[in-house]
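Worksheet: the structure to be examined is printed underneath.
Read-outs throughout are calculated quantities, based only on the coordinates presented, and are distinct from any laboratory measurement. Keep in mind that what you see is a predicted model, and the values were worked out from it rather than measured. Counting neighbours? That spans all protein chains shown, and the Cβs are built from the backbone with ideal geometry, glycine included.
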Amino acid sequence: MIKKYKLELEMTDSNQNLRPSPSWAYILYSAMIENINPEYVEYLHEDGPNPINQYVLIPDRNNSNKIEWNVNLLGEEAISQVEPFLMKIEDIQIRKFDTKFTVVNRSITDAVTESDIAEKHLTTGKAVLNVRIDFLTTSSFKSNERYVIFPSIDLILKSAVSKWNAFSSSFALDDEEALQQMIERTRIYQYALRSNSFMLKQARIPGFRGYIKLYSTGPDPMIRLVNLLLGFLEYSGVGIKATLGMGGCKVTLEG
C-alpha cells in the first residue's frame with residue numbers, strides 16, 4: 001500500500017524577513033522523526049532505500065507564509081508508523097528559525113496498492129509512448145561519486161528500478177538486458193530545465209528543476225514497463241535524497 005498526504009501549513013509566528021523554501025522539507029522531516037517510534041527511526045537511518053518520500057512546495061510566492069508539505073508513505077509499516085503523526089499534528093515548531101507552522105488543512109490524496117499500479121500500467125491501461133516528468137523540487141543524481149545536474153535516461157530508469165524493487169514484494173525487475181533495452185529505446189525529446197540547489201544542513205547540493213518529455217519505442221510490454229517505472233517515481237521521488245525533500249516530481253502519461 002502507498003498513501004499520499006498533503007498538509008497545508010501556515011507560519012503563525014511570522015518574521016517578515018523569513019521566507020520558507022523547499023529546503024525546509026528537511027526541517028519538517030526532522031520534526032516528524034522526533035515524534036515517531038525511535039526503533040523505526042533507526043531503521044530509516046540504515047543504508048538502503050527509504051520508504052518515505054516527502055517534499056515542500058510554495059504554492060504562492062507572494063504569500064510565503066503558507067507552504068504545502070507532501071508526504072508519500074510506501075508500505076504498510078511506514079503507514080502504520082508515520083500516519084498517526086501526520087493525521088494528529090496541529091503545530092510544528094521550527095526551532096532553527098524560532099517560528100511555528102500551524103496545520104490549516106490536511107488530506108490523503110491517493111491510496112494505491114502494488115497490484116493497483118501493476119494492473120494500471122501492465123494490463124488495463126493504455127501503453128503510452130510520451131511521458132512528461134515535472135521536477136517539482138531540486139533533483140539530482142550521483143554517479144562516480146559526483147553529482148549529476150542534468151537528467152539522463154539511464155539514470156532516471158535505473159533510479160526508478162531501484163526504488164520499485166525496494167517497494168515491490170512480488171514483481172522485482174532484475175533483468176539487466178530488458179533494462180538496457182528500455183534505456184536504448186527511450187529518449188528525451190523536449191526539456192525546459194534550470195540549475196538549482198538544495199540546502200541540506202550546511203551543504204549546498206547542486207541539481208535541476210523544470211520538466212522533460214520522454215518518448216519510448218518498442219513492443220507493447222516494454223512500453224508498459226517504462227510507464228510503470230516512470231509513473232512510480234511520483235510516489236517514490238526521483239534521484240537522490242528523496243526522503244529529505246529532493247526529487248519531488250509529477251509524472252504525466254501524455255499519450
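Okay, here's what the table says:
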{"quantity": "Relative contact order of the chain, defined on C-alpha pairs under 8 angstrom at six or more residues apart (%)", "calculated": "28 percent"}
{"quantity": "Qualifying chymotrypsin sites (Phe, Trp or Tyr not before Pro) for region 143-237 [loop in DSSP, other Cβ within 10 Å: at most 15]", "calculated": "F171"}
{"quantity": "Magnitude of the charge dipole, the chain, Cβ model with Lys/Arg +1 and Asp/Glu -1, debye to 20", "calculated": "1160 debye"}
{"quantity": "Dipole of region 106-255 [Lys/Arg +1, Asp/Glu -1 at C-beta], most positive-end residue of Y189, V226, N130", "calculated": "Y189"}
{"quantity": "Amide hydrogen neighbours beyond the local backbone of G247, cut-off 5 Å, H modeled", "calculated": "T137, T138, S139, S140"}
{"quantity": "Given the chain, longest segment not containing exposed loop trypsin sites (Lys or Arg not before Pro) (DSSP; at most 15 other Cβ within 10 Å)", "calculated": "127-200"}
{"quantity": "Projected area averaged over orientations for region 2-112, convex hull of C-alpha atoms, nm²", "calculated": "7.0 nm²"}
{"quantity": "Distance in nm between pseudo-label sites at S168 and T217 (7 Å out along the Cβ direction from Cα)", "calculated": "2.6 nm"}
{"quantity": "Average Cα contact separation per residue, region 2-112, under 8 Å, 6 or more apart, as relative contact order %", "calculated": "49 percent"}
{"quantity": "For the chain, diffusion coefficient by Stokes-Einstein and Kirkwood Rh (Cα), 10 °C, 1.306 mPa s, µm²/s", "calculated": "84 µm²/s"}
{"quantity": "The chain - mean residue ellipticity at 222 nm from DSSP helices (-39,500 (n - 2.57) per run, n ≥ 4, rounded to 500)", "calculated": "-9000 deg cm²/dmol"}
{"quantity": "Distance violations [Cα-Cα > 32 Å] among K126/K158; K163/K213; K66/K126; K66/K120; K88/K142; K4/K96", "calculated": "K66/K126; K66/K120; K88/K142"}
{"quantity": "Length-normalised contact order of region 114-253 in % [C-alpha pairs under 8 Å, at least 6 apart]", "calculated": "40 percent"}
{"quantity": "Cα-only Debye scattering, region 129-255: base-10 log of I(q)/I(0) at q = 0.15 Å⁻¹", "calculated": "-0.66"}
